[in-house]
Each structure stands twice: as C-alpha cells, then as structure tokens.
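Reading through the structure tokens given below for one structure.
Every read-out reported here was derived from the displayed coordinates using simple, explicitly stated rules and does not represent laboratory data. This structure is a prediction, so every number in the text was calculated from the model and none was measured. Glycine also receives a Cβ, built like all others from the backbone with ideal geometry; neighbour counts cover every protein chain displayed.
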Amino acid sequence: MNGEVDIAVIGAGQAGLSSGYFARRAGLEPGSGFVVFDHAPAPGGAWQFRWPTLTFTTVHGIYRLPGMEMAPQDASAPVAPAVSDYFREYENRFDLRVHRPVDVHRVSPRADGRLDLATSEGDWIARGVINATGTWEKPFWPRYPGADLFRGRQLHTADYRGPDEFAGKRVVIVGGGASAIQHLLEIARVADTTWVTRRDPEFTERPFDIHWGREVIARVEDRVRRGLPPESVVKATGYQLTPEIKAAREAGILHRRPMFERLTPEGVAWEDGSTVAADVVLWATGFRAALDHLAPLRLREPGGGIRMEGTRVVADPRIHLVGYGPSASTIGANRAGRAAVRELRRHLAEREPALAS
C-alpha cells in the first residue's frame, strides 16, 4: 500500500491540473489530502503529443490554467513544447507533485465505502476520485470491410507528425472534425488528397461568442444528464469559416465525398462502384473517453454514456469526471476542476464529518 488520500486525481492535463490547484486552494496537502497521477512521461497533457506543425495560428482555445497566465506566444510557434513548458512551470509553482509515469489500471469499490486504486506504482486508497484522463489514449478506428487487405499505410491522428512524409503520395483523409480539416490543409500542399466524411460538414460564419458557448454546453449537458455519450464539439458548433477555410473551399481542397463502403488493396471504393487509388488512409476519426479503469464501478448507462449532474456521476457521487461532456473544453476544464473539488469535499464531509474541518 502506497498511501491513503481524500481525493485521487487521475490525469494531469488541463482538467487534472486545475483540479489539483483547487485541491491545494481548499487546504489539502499533496500526498495525504490528495494525489495526482499522470500516465504521460512528462508535463503537457495530450498537448505534448501533438504534431510539430500544429502552431498557435491554427489551434483554438489554449486557455490559461487557474492562477497563472501562459506567457505570450509567437503565432508561428509549435504548440507542443510551449504548452509542455507552461504545464511544467505550473506544476512546480503550485507544488502539485504529480506522480508520473503512472498507469491507473482500475478503480474498485471497497467494503468500507472507500475506493481501491490499482496503479503501476502500487495500490492506493481514496475516498473520492476526480477523473481527468481525457481522450488521447483512446483513438477511435472505425471498422470498414477490406481494412486488412489495403496494401498502403493506415494511421490515425494520434500518429500524425506533419505533412512532409506524405509528399507526392495519394492520401485519403477520413473525418469531419477540426483535426481532419487541419490535416487536409497541410497535406494538400504536398500530396494528392481525397476528403471523405460520414455527413456533410457544417461551416458557419457565426462568431463563437459567450451566447453560442452556453448553447453548446447546454446541448452537451442534456446528453450526459440522459446517460448518452457526449458529442464532438464540431458536431455541436459547426466549423468556423475563417478566411483560410474560405480560400481552401474555393480552391477545391475542401471538396468532400461521402464515406466509402470498403477499402481495397489499392485504395477505397464506394457502393456505386467508383474508386480512388490511395497510398495512405489517414483516420482523423476522433477519440473516445479513456474510462476503462473505471469499469469495476459500473457507471455506464444503457445509452452508452455516464449519467452526470455537473461533474458528479449520478450512479456514484464519489466519482467526478472533468474534461468529459460539457467540461471537455479548455475553458470548461478549469471550471470543472473547481466544481469537482468543492462538491466532492462536501460529499465526503457529509459521509465523514471530520473531513469538513
């Protein structure tokens, strides 16, 4: 047994660091009052794994962590190293003492009402858990007939490292989200591209203001209250029609084809018999919430999601999810960390009054 804490935070991306910060603000001490586990080898959350050509020009929503601003960045600077440095400085300034690299294999209920955490550094006991594991560890690969026959290369957004390796090749890019469009704009400069999506992408010139943000959050909150999986941000908002996107549409780069029926040894094929030859299929098909370690708690509803009120899991108020559902945004993650710490401490104090002091 490594230790016993009131709150275990799983994940040290933005949502996890925000939770650690507010645990500190609430008077909890690292190692006894709370502990933060991180699967990643270094600070930076999922940002440290982003492709080198992703710069501050193209990302949306790098938002400051609570209590500390990020230093101004050159628009052409790569995102990954800058955010990693910011997260590292943040952890040090607030003495969060993140345990890494640590895998949390499972969280299980105990007979005494607490929770067992089986981790790669040993077992821990916690009274409550704030889960902030995000999605980067679970890339979603759709299953299509012929995938095992395709003689070219297949990769996912999680494996993407920039356009240069695709120079002169024929590349099929699958997906209608922000990553797919960013990949397409980069790769189209050096390769022959085909873009396919399951549904028509929605582009909008509406500015993403506070009113629109509230509408999106309300829409996602409604889904998680009903125990349904949260939908993607682009599906909820549409894709912002920036000058760069307008130019790409006019140039034919963002000409979308419907989803193909199958892969062939030489490329992809549609139901009508049309085909496209390809050397590479890039699956920009998103990610799923990394929640397998919570399976022993049986939190999922028949609809496939987890029913929540705010950050609290309805089926088990000892568990809070941050960076999931309506808090799966850079701004929402900060607010969720504060709410999760506050509500979880209140719940634990009601069960064990000594914790209220």
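General remarks:
- Surrounding net charge for LEU17, when Lys and Arg each add one and Asp and Glu each subtract one, Cβ distance under 15 Å: +3
- Taking 0.36 nm per residue of sequence separation and removing the Cα-Cα distance, the ASP148/ALA218 pair yields an extension gain of 21.1 nm.
- DSSP loop GluC sites (Glu not before Pro) with at most 10 other Cβ within 10 Å: longest gap in the chain: 70-204
- Under 11 Å, Cβ to Cβ, from GLY267 - net charge with Lys/Arg +1 and Asp/Glu -1: +1
- Nearest-ten-degree value, helix 14-25 long axis tilted from longest Cα axis of the chain: 20
- Bridge orientation summary for the chain: considering DSSP beta bridges with both residues in this region, about 40 percent are antiparallel.
- Among residues other than THR194 with Cβ under 14 Å from its Cβ, the summed charge is +1 (Lys and Arg +1, Asp and Glu -1).
- Chain lengthening between ARG257 and ASP95 when straightened (0.36 nm per residue, less Cα-Cα): 53.3 nm
- Its relative contact order, with pairs defined as Cα atoms under 8 Å and 6+ residues apart, puts the chain at 22 percent.
- Ordering SER108, SER84, SER274, SER179 by the number of other Cβ atoms within 10 Å of each residue's own Cβ, fewest first, gives SER274, SER108, SER84, SER179.
- Rounded to the nearest 20 debye, the dipole magnitude of the chain is 680 debye, with +1 charges on Lys and Arg beta carbons, -1 on Asp and Glu beta carbons, and the Cα centre as origin.
- Among the trypsin sites (Lys or Arg not before Pro) found in the range 273-330, those both in a DSSP coil and sparsely packed, with 13 or fewer other Cβ atoms within 10 Å of their Cβ, are ARG288, ARG298.
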